[in-house]
Each structure stands twice: as C-alpha cells, then as structure tokens.
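See below for the structure under consideration.
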Amino acid sequence: MMLTARIERQASARKRRVARAAAAVAIVAAASALGAGVALAFFSDSSSSLANLALGTVALTLNTPQTNTCAYNALTPGDLTGTPTCALSVTYTGSIQAYVSLTVAIQSKAGAGGHTLYDPIGGNGLTLRISDGQTTFTVPAGAGTACGSSMCWTASNDLAAWYSGSTSNLIFNTNDAVTWTVTPLFPNTVTNAYQGASATVTLTAQAVQSPGNSLSCTPTPTIGQPCTPSGTFAWS
C-alpha cells in the first residue's frame, strides 16, 4: 500500500512539472507573437488603397503622346508581391510608318517614416519591373531630383517594338499594337521607414514618323533601352 501511494505521488509530481513547462512554452510563444505585432504595427494599422490592374488602352497617332498613370498609396508590407497592377496598351493608328517609345516617370513622396516609397538605390521599398511581354524596359534609377515636396525620376524614350510571334519590329504600321505592364514589388520585409509614403507611375507612349528619320541611338537601337537620336530626329 505504501509503495502504491509513493508511485501515485511521483506520477502527480511529474504531471505538475509537465503542466508548468507547457505554460512556460505558451507564455514564450505569446511574447514572441506580441513582439512581431509591435514590429509591424506601424504598417498594419492602415489598409491598402491599391485597385486591380489599371489598364489604359488608347489610340496612338503621330505627335500625340498617350499616357496612363497608376498610384500606389497606403501600402502595407506584402501588398505588392510581383502581381501586375498597371499597364498601358497602345494601337498605332497613323497612316505613316512610325517609331514608338515609352517614357516612364515616377513621383514619390515620403510619409511619417521619412523615406520615399520608390527606392531604386536601396531596393528596400517599392521597386518596379516593366515589360512588353518579351523585353524588359528600363526603369528610372539613381537618387532622383526634387520636385516640390516629392522626388522625381524619369527614364525617357525607351525604344518600343511590336511583335509577330517571336519576331520584333521597330517600325509601326497602322493597327500595330504594344502593351507595357508594370509589375511592382513591395515585400513584407520592408521597414517603418516607408510608412505613409506614396508614389505614382506614369507611362507615356510617343510616336514619330520613320520615313526620313533614322534611329542613330547610342550605342545601337535596342528595344527597352533609352533611344536619344541625333540630328533632326526628335521624339514628340
């Protein structure tokens, strides 16, 4: 009988130790979750105002630029994880053959965190990829320039093409079309430095007649790369 009582007391003590250990683990887990919540609280209090894919579809003629603008405001970490959000689709409707280019202009303003949302140098905030479906186009880089209370970046006159299967064509004829799609990234690892910041991305397509003009870009005319011709040729 005494042996049985001793065994029962030992079993009861083991149960109490297990219960205390489980409670300690639960407390540690709760503390970890609380710490994570505090780290992200700066962002999680606001919701994203980002809409679905904003597609601008326009007719492009000579010397008449066409634009589409997409805004990125009140983002939270992980809002933009590589899903296309903005695009410009143009169909050339001129009767004269033409060259077409894309200009990418970005304006970004800092919020309470102190850093502009667009961050091409550090690569820790909003970054962008622009493609026509086959070629990646140049996006603005560098430190940018002050424009009012914001910072601005521009990548001017990236040379465009239309495609017939896998064949690229630099000269646009009537009804030839091209679509540029913006794929942004605002990962869930961003810090509070970007809290409250905003940015707008404006895509502008331009066309100039090709007869009598020559693409003498430096070093060579390349799809998706800036093309600043010499001589009398000029983008409108």
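Throughout, read-outs are computed from the coordinates displayed, never taken from laboratory work. Fair warning: this is a prediction, and the values are worked out from it, not measured in the lab. All Cβ positions, even for glycine, are placed from backbone atoms using ideal geometry, and neighbour counts span all protein chains on display.
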Largest first, please: the extent of the C-alpha atoms of the stretch 93-231 along each principal axis, to the nearest Å. 52, 33, 27
Taking Trp235, Trp162 and counting other C-beta atoms within 10 Å, the order from fewest to most: Trp235, Trp162
All other residues with a Cβ under 14 Å from the Cβ of Ala205 taken together, and with Lys, Arg as +1 and Asp, Glu as -1, what is their net charge? -3
For the stretch 179-191, in order, what is each residue's ³J(HN,Hα) by Karplus, 6.51 cos²θ - 1.76 cosθ + 1.60 with θ = phi - 60°, in whole Hz (x at glycine and Pro)? 10, 9, 10, 9, 10, x, 9, 9, x, 6, 9, 5, 9
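Would you mind ranking Ser156, Ser164 so that the residue whose beta carbon has the fewest other beta carbons within 10 Å leads the list?
Ser164, Ser156
Net charge within 12 Å of Trp180 by Cβ-Cβ distance, Lys/Arg positive one each and Asp/Glu negative one each, not counting Trp180 itself?
Value of the local net charge: -1.
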What's the extension gain from Ser95 to Thr174 if we count 0.36 nm per residue and subtract their Cα-Cα distance? 27.8 nm
According to a simple spin-label model (label point 7 Å from Cα along Cα-to-Cβ), what is the distance in nm between Thr218 and Asn188? 4.7 nm
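Quick one: net charge around Ala161, please, counting Lys, Arg +1 and Asp, Glu -1 for every other residue with C-beta under 15 Å from its C-beta.
Within the 15 Å Cβ shell, the charges total -3.
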